Amino acid sequence: MNSPLTTIVLCLGIALVICFIFRFIFASKRDLWFARTASTVFNQRGFLGSYLALGYPKTWQGVLVTLSELSLIVLTCAAVLYLSSAQPS
């Protein structure tokens, strides 16, 4: 019943929600802990991409936030994959 496309879309949706949550939680520390590159012709970002992008970490706090965000995304996607494969066909 669950197609691979449904699982992929669900994982992407969960990852996007996690990015929104982390961006909301660490909005006040964004400029202190992260550095951002300017948008150029080669790496154009829209409004949503510019808003969600924390940047690349420039302090150890930024590294911790980045690692925790990535590990949360990986764990939730692994849980979705496990649960979708455990359901009977």
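Summary of computed values
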| read-out | value |
| --- | --- |
| Sites Asp31 and Ala78 - FRET efficiency at Förster radius 41 Å, r taken between beta-carbons, to 0.05 | 0.80 |
| Under-5 Å amide H pairs with Ala53, H placed in peptide plane, nonlocal only | none |
| Volume of the Cα convex hull of the chain, divided per residue and given in Å³ | 104 |
| Trp60-Val9 pseudo-label distance in nm [points 7 Å out on the Cα-to-Cβ vector] | 4.4 |
| Phi-based couplings in Hz for the stretch 39-55 (Karplus 6.51, -1.76, 1.60; Gly and Pro marked x) | 6, 10, 5, 7, 10, 5, 10, x, 4, 5, x, 5, 6, 6, 5, 6, x |
| Mean ellipticity per residue at 222 nm, deg cm²/dmol - from DSSP H runs of n ≥ 4 across the chain, formula -39500 (n - 2.57) | -21500 deg cm²/dmol |
| Long-range amide H partners of Phe34 with built H, under 5 Å | Lys58 |
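No lab work stands behind these numbers, since they all come straight from the coordinates. Quantities reported herein were computed from a predicted structural model and do not represent experimental measurements. Note: ideal-geometry Cβ built from the backbone for every residue, glycine included; neighbour counts use all protein chains shown.
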